[in-house]
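Have a look at the structure below before the remarks.
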Amino acid sequence: MKNTAVTFKNAKQKGEKLSMLTAYDYTTASLVDSAGINAILVGDSLGMVMLGYEDTLSVTMEDMIHHSKAVARGAKNTLVVTDMPFMSYQTSVYDAVVNAGRLMKEGRAGAVKLEGGAEFAEHISAIVKASIPVMGHIGLTPQSVNAFGGFKVQGKTNEAAQKLIDDAKALEKAGVFAIVVECVPAELGKAITEAVSVPVIGIGAGKYCDGQVLVYQDMLAMYDKMKPKFVKAYANIGEQMIEAFKAYDSEVKSGAFPTDEHSF
C-alpha cells in the first residue's frame, strides 16, 4: 500500500514505528522501496555524499529536482520527501510556496521538508495551504551549521530544550504532518515526541521517537568523511565495493576478464 502523509499521521495514533532512509537515485530508491521502508528522504545531504561538497549549503533547487524525480521513478509504495535546499524558502513566504511547488511538480515529490522552528511557521502554513504536505526539521539543522559553530548536539540547556519543544508545537500548529528531530539528548527527543500529535522522526534523538531516519551511505558504511555517534552500520558495503572494484581491476589487467562465457 502506498505510504502518504496520512500514513504517517495514522501511524502515531496506532503506536506504530516509522522507518525512513535517504536515497538520491532510481536504483537505490527501487531497493529501498522493495524493503518496505515507509519513506525516502531525498535529502540535501546529497551535496556531501553524492556531489562531494563539505556541507549542504551549495545544493541548488535544480540539484534537488534532478535527484527527486529520479527517486520518484523508483519509489512505488514509499513516500518521497524532498528537502528544500538552502535559501529556497528563507527569503520569503512567496519563494517558499513557489519552490515547494516546483519540488512537487517537477521533482515528483510526495512531500517537502524544510529546516527551522517557529520562525518558519508562516512559510509552512502557506505551503500547506497550497495543498503540499510539509515535514518539519528541528534540532541540529545542517543548513544552519555556520550559525551553530559546527555539527553539535542541540538542546543541552533547559532553555534550549524548551525552545525546541516550543518549536515543535509551532510546527504542528502550522500544519506539518511529521517532524525530524536531529542530534538532541534522548530525553529531549522523548519530550518533543510526547508534546506533539504528529510523528517525530529521530536522527540521533534517541529511542523514544516515533520513527528513525538515516543517510543510507552512513548505515551501509559507504561514506567515511563523517561518522556520527548515532549511526549504526548494518553492513560494510563500502568495503565490499572496494574489494569488487579491485577484483575487476585485477582481472581486466591480467586478461582474466572477459572469458568466453562473457563474450558473443
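The values are calculated or read from the model by the stated rules, or taken from the named source; none is laboratory data. For clarity, every value in this text was computed on a predicted model and none was experimentally measured. Neighbour counts run over all protein chains shown; Cβ positions are idealised from the backbone, glycine included. Areas reflect the complete protein model, heavy atoms only, side chains present, ligands, DNA and RNA absent. Shrake-Rupley method; radii C 1.70, N 1.55, O 1.52, S 1.80 Å.
Selection of first residues in the range 223-237 that are outside any loop (DSSP other than H, G, I, E, B) and of second residues that are of a type in the set (A, V, I, L, M, F, W, C) and surrounded by 14 or more Cβ atoms within 10 Å (Cβ to Cβ), restricted to Cβ pairs under 6 Å at least 6 apart or on distinct chains, gives the following pairs, ordered by first then second residue: ILE237/LEU220; ILE237/MET222. Residue pairs whose Cβ atoms lie under 8 Å apart, separated by 6 or more positions or on different chains, with the first residue in the range 79-102 and over 23 Å from TYR24 (Cα atoms) and the second at pLDDT 95 or above and of a type in the set (D, E, K, R), are VAL93/GLU122. ALA39 fulfils the conditions (1) surrounded by fewer than 22 Cβ atoms within 10 Å (Cβ to Cβ); (2) out of contact with any helix residue (DSSP H, G or I) (no Cβ under 7 Å at 6 or more places or on another chain) except for a single criterion, (1). Tell me whether the range 25-34 contains one or more residues that are in a helix (DSSP H, G or I), over 18 Å from TYR216 (Cβ atoms), at pLDDT 95 or above and open to solvent by 30 Å² or more (accessible area, probe 1.4 Å). No, every residue in the range 25-34 fails to be in a helix (DSSP H, G or I), over 18 Å from TYR216 (Cβ atoms), at pLDDT 95 or above and open to solvent by 30 Å² or more (accessible area, probe 1.4 Å). Scanning the range 50-60 for residues that are of a type in the set (A, V, I, L, M), modelled with pLDDT of 95 or more and open to solvent by 20 Å² or more (accessible area, probe 1.4 Å) yields a count of 2. If we keep just the residues of the range 173-188 that are over 17 Å from the mean Cα position of the chain (by Cα) and within 17 Å of GLY202 (Cβ to Cβ), which is surrounded by the most Cβ atoms within 10 Å (Cβ to Cβ)? Only one residue tops the list, namely LEU188. Look through the range 207-264, keep the residues that are over 30 Å from ALA191 (Cβ atoms) and of a type in the set (Ser, Thr, Tyr), and return whichever of them is least open to solvent (accessible area, probe 1.4 Å). So, considering only residues that are over 30 Å from ALA191 (Cβ atoms) and of a type in the set (Ser, Thr, Tyr), the one least open to solvent (accessible area, probe 1.4 Å) is TYR223.
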